[in-house]
Amino acid sequence: MNKFDPATALAAVQRISAERGVNPSINDSATFTFEHGQTMTDTFHGETEGMYLYSRHWNPSATALCNALAAMEGTESAWCTGSGMSAITCTLLQCLQNGDHCIASMTVYGGTFAFLNNYCKRFGIDVTFVDSTDLDEVKSACRPNTKVIYTETMSNPLLRISNIKKLRKVADECGAKLIVDNTFTPMIFSPHKLGADIVVYSMTKFINGKNDCVAGAICADAEFINALIDVNNGTAMLLGPVLDSFRATSILKNLYTLHIRMQQHSKNAMYLAKKFNEIGIKANYPGLKEHIDHDTIVEQMNYGYGFGGMITIDMITAERANALMELMQKKGIGFLAVSLGYFRTLFSCSGKSTSSEVPDEIQHKMGMSEGLVRYSVGLDNDIEHTFNAITECLKELKFI
Ligand code: PLP
């Protein structure tokens with residue numbers, strides 16, 4: 001386990017707004033005025049510290065959120081985007097160009113998989129998908145033109161854990177950047193501290209935790225972030241997926257409760273995983289000793305946030321999975337909905353939803369059953385009551 005504490009690092013970022021509000025004021029301007037024309041020119045070339053030019057580049061509200069995110073991740077800098085996908089695609093397009101090669105985990109989020117597998121072809125970028133937990137496979141995929149190794153800390157939906165420290169070594173050997181999506185495990189993992197060059201997030205999930213907006217983040221060194229928003233060549237500046245100030249400010253407030261939420265998500269998920277096993281429904285949860293990557297998560301995780309809020313159970317067929325999810329929703333256990341990290345429990349059948357972009361043969365290779373039900377466990381105060389309600393559903397359907 002690691003000593004770094006992201007919540008304490010975050011708490012150290014204390015700002016008082018110009019009006020002495022404890023929350024930063026929302027900056028409601030797309031453009032900013034200058035007293036002198038020369039300062040505007042200098043700012044355009046990135047040569048004036050603390051000046052704002054135009055909100056697609058930087059904005060005071062976005063800056064406040066980015067400073068907090070950088071502190072939480074232990075990176076020099078950060079930039080926030082209008083979605084997790086835009087954080088991922090801008091980062092990849094900034095690192096890869098025509099003729100480059102990328103090694104990616106085959107279990108990445110379906111949208112990321114589709115981007116790498118289908119869309120990157122337009123740019124002449126070659127992608128090899130591997131089992132990122134098999135370091136020999138990753139090593140043997142390396143080529144002289146490999147520029148990026150891309151993985152997720154906790155894979156979706158099988159909840160396999162990447163060994164970031166070891167992937168760092170492979171990335172060094174092949175001269176590639178290591179990019180890690182930490183959407184499933186904010187605070188639990190600090191991928192940059194473990195060796196990742198760039199950490200990306202869908203803040204739509206745990207970081208915001210309210211399911212009221214879509215947002216993303218890129219955490220990296222200042223050189224990378226400045227290149228990303230360079231007015232002439234920066235992918236984020238030119239594609240323009242900026243996060244709105246109102247959202248940046250509301251996400252910042254939610255960020256400061258993330259540590260408590262992660263602890264409760266983890267506590268509830270661990271409870272459900274153990275209880276499912278007791279009634280003979282095999283649960284997949286990295287916090288359980290029998291999970292294939294239990295030792296890897298223990299070795300890399302930060303202390304005090306648990307093993308995350310995601311668990312899966314296998315209902316064998318999509319029909320059975322649907323019947324269970326429909327009944328659970330009817331009984332008020334949570335929502336039959338994609339996404340994760342919400343305060344209520346969400347459940348979905350991964351193969352038919354969030355991973356449906358992944359071709360069947362790869363789903364089989366990953367070991368994904370068509371009846372896999374993924375739970376993003378909520379913040380329920382009485383999780384025993386929740387489990388009893390789930391058990392009633394399983395009994396009513398004669399699954400136990
Ligand atoms: N990364 C992961 C691991 C995800 O699960 C998702 C969405 O489900 C994304 C990225 C994409 O994020 P967004 O929907 O915010 O664009």
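Restricting Ser245, Ser266 to residues that are hydroxyl-bearing (Ser, Thr, Tyr) and under 19 Å from the mean Cα position of the chain (by Cα) narrows the list to Ser266. Could you look through the range 107-127, keep only residues that are among the polar types (S, T, N, Q) and within 16 Å of Thr153 (Cβ to Cβ), and pick out the one that is modelled with the highest pLDDT? Ranking the candidates gives Thr112 first. If you filter the range 206-227 down to residues that are buried (at least 24 other Cβ atoms within 10 Å of the Cβ) and near the ligand (Cβ under 8 Å from one of its atoms), you find that the one that is nearest to Met72 (Cα to Cα) is Gly216. Selection of the range 330-344 for residues being over 18 Å from the mean Cα position of the chain (by Cα) and surrounded by 17 or more Cβ atoms within 10 Å (Cβ to Cβ) yields Ile333, Gly334, Phe335, Leu336. Only a single item in (1) polar (S, T, N, Q); (2) at pLDDT 95 or above; (3) not in a helix (DSSP H, G or I) is not met by Asn232, and it is number (2).
Working only within the range 316-337, note down all residues that are of a type in the set (A, V, I, L, M, F, W, C), at pLDDT 95 or above and not in a helix (DSSP H, G or I). Show your work before the answer.
Filtering the range 316-337 for residues of a type in the set (A, V, I, L, M, F, W, C) gives 316, 318, 321, 323-325, 327-328, 333, 335-337.
Imposing the further condition that a residue be at pLDDT 95 or above reduces the set to 321, 323-325, 327-328, 333, 335-337.
Ile333, Phe335, Leu336, Ala337, listed by residue number.
Pick out the one residue from Ile125, Ile161 that is hydrophobic (A, V, I, L, M, F, W, C) and crowded, with 24+ Cβ neighbours inside 10 Å. Selected residue: Ile161, the only one of Ile125, Ile161 that is hydrophobic (A, V, I, L, M, F, W, C) and crowded, with 24+ Cβ neighbours inside 10 Å.
Scanning the range 225-242 for residues being over 17 Å from Met85 (Cβ atoms) and under 19 Å from the mean Cα position of the chain (by Cα) gives a total of 1. Pairs linking a residue in the range 323-346 that is more than 26 Å from Gly84 (Cα to Cα) and more than 16 Å from the ligand (Cβ to nearest atom) to a residue that is small (Gly, Ala, Ser) and not in a loop (DSSP other than H, G, I, E, B), with Cβ atoms under 7 Å and 6 or more positions apart or on different chains, are Lys331/Ala389; Ile333/Ala389.
Only a single criterion out of (1) in contact with a Pro (Cβ under 9 Å, 6 or more places away or on another chain); (2) surrounded by fewer than 17 Cβ atoms within 10 Å (Cβ to Cβ); (3) of a type in the set (Phe, Trp, Tyr) is not satisfied by Tyr303, namely (1).
Which members of the range 99-116 meet the condition of being in contact (Cβ under 8 Å) with a residue 40 or more places away in the chain and either among the basic types (Lys, Arg) or within 15 Å of the ligand (Cβ to nearest atom) (or both)? Before you say what the answer is, go through the steps one by one.
Initial filter on the range 99-116 (in contact (Cβ under 8 Å) with a residue 40 or more places away in the chain): 99-114.
Those that are in contact (Cβ under 8 Å) with a residue 40 or more places away in the chain and either among the basic types (Lys, Arg) or within 15 Å of the ligand (Cβ to nearest atom) (or both): Ala104, Ser105, Met106, Thr107, Val108, Tyr109, Gly110, Gly111, Thr112, Phe113, Ala114.
The residue pairs whose first member lies in the range 128-144 and is more than 26 Å from Pro157 (Cβ to Cβ), whose second member is β-branched (Val, Ile, Thr) and not in a helix (DSSP H, G or I), and whose beta carbons are closer than 8 Å, counting only pairs six or more residues apart or on different chains, are Cys142/Ile103. Taken over the range 235-249, the criterion of being farther than 21 Å from Asn182 by Cβ, part of a helix (DSSP H, G or I) and in contact (Cβ under 8 Å) with a residue 40 or more places away in the chain is satisfied by Met237, Leu239, Ser245, Phe246, Thr249.
Does Leu159 satisfy the criteria of being more than 16 Å from the ligand (Cβ to nearest atom) and in the same structural domain as Leu243 (by TED's automatic domain parsing)? Can you show your working first?
On the way: more than 16 Å from the ligand (Cβ to nearest atom): no; in the same structural domain as Leu243 (by TED's automatic domain parsing): yes.
No.
Yes/no matrix, rows are residues, columns are (1) within 16 Å of the ligand (Cβ to nearest atom); (2) acidic (Asp, Glu); (3) modelled with pLDDT under 95:
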{"site": "Met40", "(1), (2), (3)": "no, no, yes"}
{"site": "Gly50", "(1), (2), (3)": "no, no, yes"}
{"site": "Asn59", "(1), (2), (3)": "no, no, yes"}
{"site": "Leu65", "(1), (2), (3)": "yes, no, no"}
{"site": "Ala71", "(1), (2), (3)": "no, no, no"}
{"site": "Glu76", "(1), (2), (3)": "no, yes, no"}
{"site": "Cys80", "(1), (2), (3)": "yes, no, no"}
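Select from the range 178-195 the residues that are of a type in the set (D, E, K, R) and more than 15 Å from Ser105 (Cβ to Cβ) and list them in ascending order. Correct list: Lys193 only.
Can you spot a residue in the range 375-397 that is within 16 Å of the ligand (Cβ to nearest atom), farther than 19 Å from Pro186 by Cα and either touching a strand residue (DSSP E or B) at 6+ places or on another chain (Cβ under 9 Å) or outside the structural domain of Leu167 (by TED's automatic domain parsing) (or both)?
Step one: of the range 375-397, the residues within 16 Å of the ligand (Cβ to nearest atom) are 375-377.
Narrowing the set further to residues that are farther than 19 Å from Pro186 by Cα leaves none.
So far as the range 375-397 goes, no, none of its residues is within 16 Å of the ligand (Cβ to nearest atom), farther than 19 Å from Pro186 by Cα and either touching a strand residue (DSSP E or B) at 6+ places or on another chain (Cβ under 9 Å) or outside the structural domain of Leu167 (by TED's automatic domain parsing) (or both).
The values are calculated or read from the model by the stated rules, or taken from the named source; none is laboratory data. Everything quoted here is computed from the prediction, not taken from an experiment. Positions of Cβ are generated from backbone atoms using ideal geometry, with glycine treated the same way; all protein chains shown enter the neighbour counts.
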